[in-house]
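Asks: What follows is a structure written as structure tokens; I'll ask about it next.
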Amino acid sequence: MKIAVLGMGYLGVTHAACMASLGHEVLGVDIDDEKLAKLSSGEVPFFEPGLDALTEQMVRAGRLRFSSSYRDAADFADVHFIAVGTPQKRGEFAADVSAIDSVIEELAPMLTRAVVLFGKSTAPVGTAERLRVRAQELAPAGADVELAWNPEFLREGHAIKDTLEPDRLVLGAARDGAGRAIAVAKEVYSSILEKGIPFLTVDLATAELVKISANAFLATKISFINAIAEVCEAAGADVVQLADALGYDQRIGRAFLNAGLGFGGGCLPKDIRAFMARAGELGADQALTFLREVDAINMRRRSQMVELTREVCGSLLGVRVAVLGAAFKPDSDDVRDSPALNVAGQLQLQGAAVNVYDPKATDNCRKIFPTLGYSASVVDACDRADIVLVLTEWQEFRDIEPSELASIVAHKRILDGRNCLDPQQWRASGWLYRGFGRGRSESSNGF
Ligand code: UGA
């Protein structure tokens, strides 16, 4: 099929490359010429495992090309995926949907034949129906232009697998255009559906709400375990063992019960806020007040990490802090609302001398926080450090040999902000180890 993907961010590039890998002809559209130039040479402007290789392969195969022209998209494609960003509005909780609006305003007047537009961006419920009406109003092809909603559930770091082997495909469509949208979606995704992936068809509002509810649930699960971690800390219990035990209950499950610094990134934090804002507009604000607490628990983790550092070192003034990890999660170079970078920044602002090392995110960090010190390796960052903080659980940090780092640091003190290290191993090597919610006493639970 001939497919245009509008918006070459994380979601768009992944979707475009994956659709090309399914055998479709794909045009990626963005207004940023510099980004398009990189993509055309097969270079992805962010880090996502495997995506560089897939993009390059698809470009070379001639199935994936790029353009900054909506006219090209309108002339070329029978199917359009809208994948532009919906960030948090400045100074407000609500989502900024201006990028989706401008796609419709620019593209729709050029649509002279029957096409289906699929929204993939995370949007406040009601956006899809509004855009559907607007697209049909603007398009010369009128009601032959159908707009459906096909939310995306991919995780950074697993983007290709999540796109090609999703847990489910959800398609929201308006009743009068549903037949056509469903038929086109089934054709686009035929090779995925052949594998038996569940395909759910719902109305537009439900599709929008499935997406945002999924993110709200995940955020709630993380904040739940972080709240329990606070109690564990007070009671001298171990939240990791607790989560393992909870996870065996199939109704609960172990996933997303990793206590630590909490959630960040370009999705979960802004999505729970946008969800609260939209519920308020709809008169259902009481229903989501618990998300305020989810947000508060999450943000508290960051200041607790700063306080723990102060407590262990006695003061932050002039203390040399090695920060390992700055991305909001491993296997990503994304530092949007990164808990790790937030902690590094707070420590520096409160007088510590901070040295950050991240395997992939350093360039992005420098743009946001140019005043932090940056190192090219774990060893560099830890050189004469008074304390080491592991704030993103990269495999490289899990693999560190405590004895190898011992001769490099000034003091053998390590804070595990992601509960990703083995406390016993570090303590056996003479380190002071502190995790999150893992008991204050050195001897608790036998480690
Ligand atoms: C999230 C959702 O998981 C995706 O399903 C969704 O498609 C995506 O948002 C989106 O809306 O685009 P992502 O932001 O890539 O994906 O990251 P997650 O894997 O959900 O992690 C989010 C944050 O939670 C990270 O900072 C991570 O470190 C943290 N986290 C995750 C925890 O603190 N504990 C956990 O147990 C799991």
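Asks: Which listed residue (289, 193, 94) has the Cα farthest towards the positive end of the charge dipole for the chain, taking +1 on Lys and Arg C-beta and -1 on Asp and Glu C-beta about the Cα centre?
Replies: 289
Asks: Spelling out what I want: for every residue of region 427-438, take phi, set θ = phi - 60°, compute 6.51 cos²θ - 1.76 cosθ + 1.60 (Karplus), and round to whole Hz; glycine and proline get x.
Replies: These are the phi-based 3J(HN,Hα) values: 5, 5, 8, x, 8, 7, 10, 9, x, 9, x, 10 Hz.
Asks: On to the next question. Give a residue-ordered list of calculated ³J(HN,Hα) values for region 381-387 (Karplus: 6.51 cos²θ - 1.76 cosθ + 1.60, θ = phi - 60°; whole Hz; x for Gly, Pro).
Replies: Per residue, the Karplus-derived 3J(HN,Hα) values read 5, 8, 4, 6, 5, 7, 7 Hz.
Asks: Taking a cut-off of 27 Å between Cα atoms, list the lysines near residue 89, but don't count ones fewer than 8 places away on the same chain.
Replies: 35, 120, 211, 221, 270, 329, 367
Asks: Hey, what do the phi angles of region 43-58 turn into as Karplus ³J(HN,Hα) couplings, whole Hz, using 6.51/-1.76/1.60 and θ = phi - 60°, x for Gly and Pro?
Replies: Here the 3J(HN,Hα) series is 9, 8, x, 8, 9, 8, x, x, 6, 4, 5, 5, 4, 4, 4, 6 Hz.
Asks: Continuing with the same structure: Of all DSSP beta bridges located in region 1-159, what percent are antiparallel, nearest 5?
Replies: Bridges in region 1-159 that DSSP calls antiparallel: roughly 5 percent.
Asks: Continuing with the same structure: 7 Å from Cα along Cα→Cβ at both residue 200 and residue 69: what's the point-to-point distance in nm?
Replies: Between residue 200 and residue 69, the simple spin-label model gives 4.1 nm.
Asks: Assuming R0 = 56 Å, what is the FRET efficiency of residue 303 and residue 183, from their Cβ-Cβ distance, to the nearest 0.05?
Replies: Computed FRET efficiency for residue 303 and residue 183 comes out at 0.60.
Asks: So, for region 2-202, what is the accessible surface per residue at a probe of 1.4 Å, expressed in square angstrom?
Replies: 41 Å²
Asks: Can you say what percent of the DSSP beta bridges in the chain, counting only those with both residues inside, are antiparallel? Round to 5.
Replies: DSSP beta bridges in the chain are roughly 5 percent antiparallel.
Asks: Could you check the spin-label model distance between residue 398 and residue 311? Points 7 Å from the Cα along Cα→Cβ, value in nm.
Replies: The two pseudo-label positions are separated by 2.7 nm.
Asks: Moving on. For residue 169, which sequence-distant residues (separation of 5 or more, or a different chain) have an amide H within less than 5 Å of its own amide H, given hydrogens modelled in the peptide plane?
Replies: The list, which skips near neighbours in sequence, is 199, 200.
Asks: Among the lysines, select those whose C-alpha is under 17 Å from the C-alpha of residue 412, and discard any that sit fewer than 8 residues away in the same chain.
Replies: Straight-line reach from residue 412, under 17 Å: no lysines qualify.
Asks: Follow-up. Rounded, prolate or oblate: which fits region 297-419 when a ≥ b ≥ c are the square roots of the eigenvalues of the alpha-carbon gyration tensor, with rounded for a/c under 1.5 and prolate only if a/b beats b/c? Don't jump to the answer; show the numbers that get you there.
Replies: Details: a/c = 1.34, a/b = 1.09, b/c = 1.24.
Rounded, since a/c falls under 1.5.
Asks: Heavy atoms only, probe 1.4 Å: what % of the accessible area of region 33-146 goes to carbon and sulfur, would you let me know?
Replies: On region 33-146, the fraction of accessible area on carbon and sulfur atoms equals 48 percent.
Asks: Sticking with this structure for a sec: Using DSSP to call loops (not H, G, I, E or B), can you name the trypsin sites (Lys or Arg not before Pro) in region 201-277 whose Cβ has at most 12 other Cβ atoms within 10 angstrom?
Replies: Details: sites: 211, 221, 251, 254, 270, 273; in loops: 251, 254.
When the trypsin sites (Lys or Arg not before Pro) of region 201-277 are filtered for loop state and at most 12 Cβ neighbours within 10 Å, 251 remain.
Asks: Quick one: Debye curve from the C-alpha atoms of region 210-359, no solvent, what's log10 I(q)/I(0) at q = 0.13, 0.15 Å⁻¹?
Replies: Treating every Cα as an identical point scatterer, log10 I(q)/I(0) equals -0.68, -0.88.
Asks: Once you order the gyration tensor axes a ≥ b ≥ c over the Cα atoms, which shape class does the chain get: rounded for a/c under 1.5, otherwise prolate or oblate by comparing a/b with b/c?
Replies: prolate
Asks: Report the trypsin sites (Lys or Arg not before Pro) located in region 360-417 that are in a DSSP loop and have at most 10 other Cβ atoms inside 10 Å of their Cβ, or state none.
Replies: none
Asks: Mind pulling the angle between the C-alpha long axis of helix 98-107 and the longest principal axis of the chain? Nearest 10 degrees, somewhere in 0 to 90.
Replies: 30 degrees
Asks: Are there any trypsin sites (Lys or Arg not before Pro) in region 118-197 that are in a DSSP loop and have at most 12 other Cβ atoms within 10 Å? List them by number.
Replies: Values: sites: 120, 130, 132, 134, 155, 161, 168, 175, 180, 186, 195; in loops: 120, 155, 168, 195.
Here the sparse-neighbourhood loop sites are 168, 195.
Asks: Right, next: With the full set of protein chains in place, find how many percent of the accessible area of region 238-447 is carbon and sulfur; take the probe as 1.4 Å.
Replies: 50 percent
Asks: Under 5 Å between amide H atoms, partner at least 5 residues away or on a different chain: which partners does residue 118 have, H built in plane at 1.01 Å?
Replies: Distant-sequence amide H within range of residue 118: 80, 81, 82, 148.
Asks: Sort region 179-238 into rounded, prolate or oblate with this rule: let a ≥ b ≥ c be the square roots of the eigenvalues of the Cα gyration tensor; rounded if a/c is under 1.5, and if a/c is not under 1.5, prolate when a/b is larger than b/c, oblate otherwise.
Replies: Working: a/c = 6.97, a/b = 2.83, b/c = 2.46.
Prolate is the answer for region 179-238, as a/c is 1.5 or above and a/b outweighs b/c.
The values are calculated or read from the model by the stated rules, or taken from the named source; none is laboratory data. Worth saying up front: this structure is predicted, and the values here are computed from it rather than measured. Every residue, glycine among them, receives a Cβ derived from its backbone with ideal geometry; neighbour counts consider all protein chains shown. SASA here: full protein model, heavy atoms, side chains in, ligands and nucleic acids out. Shrake-Rupley method; radii C 1.70, N 1.55, O 1.52, S 1.80 Å.
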